[in-house]
Amino acid sequence: MQVEQEKRSTWGAGEVNIMNTEKILKIIKDTESPLKRQLLMTALISKLLEQKGKDVPVIIGGCALAYYSREVYFTSDIDLAYSDREALDSVLKDIGFKQEGRYWIHDELMLVVEVPASVLIEENSTLEIVEFDMDIQCSIIGIEDLIIDRLNACKHWKYEVDCEMVELLVMKYLKEIDWAYLEKQAEKPDNDTLSELIELKRKARQ
């Protein structure tokens, strides 16, 4: 997957200098913030996949929305986009997840992983990179592609929560959004949300 741009933020996670799975699992267990637990787990999964010579997964869906909304919205699932399911399944098993249908569940840590997509829709999608203190990091779908995803759900599927969340995101990130990219995506026939996006932008600027 080609990444056009990366944005980075850092979340402290304690002084751990050596990659150690058990230490990180312990940190996850002791972490109070549900979102931070999810991000740390994804960072650990990403590191273990990298050690196998594999690409890293990207957080999408409700988990990405929880990150950008700073937990105004929350989901219990870690939604990932990843193509090499065999490699991911192997890592999840190694760190204590058990598969139940389409979900992978870690009973002790009360975390759930789902992989609803194999790749991001756009090859040149931007990514947000969240870095931790232990030389681990996780990748999250860019704010622009998340807005498009939620705007589609709002317009085409009439999901009220998504309508509320996309308005919140536009207001919160108004000055940070790549509007040229976002409007280009919105006007594509598969999305057809340009007029709605322009109205959200107008309201946010008032």
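The values are calculated or read from the model by the stated rules, or taken from the named source; none is laboratory data. Predicted model, so just to flag it, every value in this text is computed and none were measured. In this analysis, Cβ positions are derived from the backbone assuming ideal geometry, glycine residues included, and neighbour counts consider all displayed protein chains.
Details
- Criterion: touching a Cys at 6+ places or on another chain (Cβ under 9 Å), at pLDDT 95 or above and closer than 29 Å to Val161 by Cβ - qualifying residue of Asp79, Asp107: Asp79
- Per-region count, the range 148-179, residues crowded, with 19+ Cβ neighbours inside 10 Å, in contact (Cβ under 8 Å) with a residue 40 or more places away in the chain and of a type in the set (A, V, I, L, M, F, W, C): 5
- Segments classed as helices (runs of 4 or more DSSP H), wholly inside the range 122-206, with at least 1 members that are among the basic types (Lys, Arg) and over 20 Å from Leu35 (Cα atoms): 143-157, 179-186, 194-205
- Test for Leu35: is it among the hydrophobic types (A, V, I, L, M, F, W, C), at pLDDT 90 or above, in the same structural domain as Asp133 (by TED's automatic domain parsing) and more than 16 Å from Val130 (Cβ to Cβ): no
- Number of the exception - Ser90 against (1) buried (at least 20 other Cβ atoms within 10 Å of the Cβ); (2) free of Cβ contacts under 8 Å to residues at least 40 places away in the same chain: (1)
- For the range 59-73, the set of residues classified as within 15 Å of Val130 (Cα to Cα) and either in contact with a Phe, Trp or Tyr (Cβ under 9 Å, 6 or more places away or on another chain) or surrounded by 20 or more Cβ atoms within 10 Å (Cβ to Cβ) (or both) consists of Ile59, Ile60, Cys63, Ala64, Leu65, Ala66, Tyr67, Tyr68, listed by residue number.
- Taking the conditions (1) modelled with pLDDT under 95; (2) under 12 Å from the mean Cα position of the chain (by Cα) in turn, Glu50 satisfies each one other than (2).
- So Ser125, is it among the polar types (S, T, N, Q), in contact with a helix residue (DSSP H, G or I) (Cβ under 9 Å, 6 or more places away or on another chain) and at pLDDT below 95: yes
- Subset tally (residues that are polar (S, T, N, Q) and modelled with pLDDT of 85 or more) for the range 8-32: 3
- Subset of the range 93-120 (residues that are under 16 Å from the mean Cα position of the chain (by Cα), surrounded by fewer than 16 Cβ atoms within 10 Å (Cβ to Cβ) and not in a strand (DSSP E or B)): Ser118, Val119
- Each residue in the range 129-146 was checked for being under 24 Å from Asn20 (Cα atoms) and either in contact with a strand residue (DSSP E or B) (Cβ under 9 Å, 6 or more places away or on another chain) or of a type in the set (Ser, Thr, Tyr) (or both), and 9 of them qualify.
- Residue within the range 59-82 that is closer than 23 Å to Lys29 by Cβ, of a type in the set (S, T, N, Q), part of a loop (DSSP other than H, G, I, E, B) and in contact with a Gly (Cβ under 7 Å, 6 or more places away or on another chain) present: yes
- Of the residues making up the range 44-55, not a single one is in contact with a strand residue (DSSP E or B) (Cβ under 8 Å, 6 or more places away or on another chain), crowded, with 20+ Cβ neighbours inside 10 Å and either free of Cβ contacts under 8 Å to residues at least 40 places away in the same chain or within 19 Å of Leu146 (Cα to Cα) (or both).
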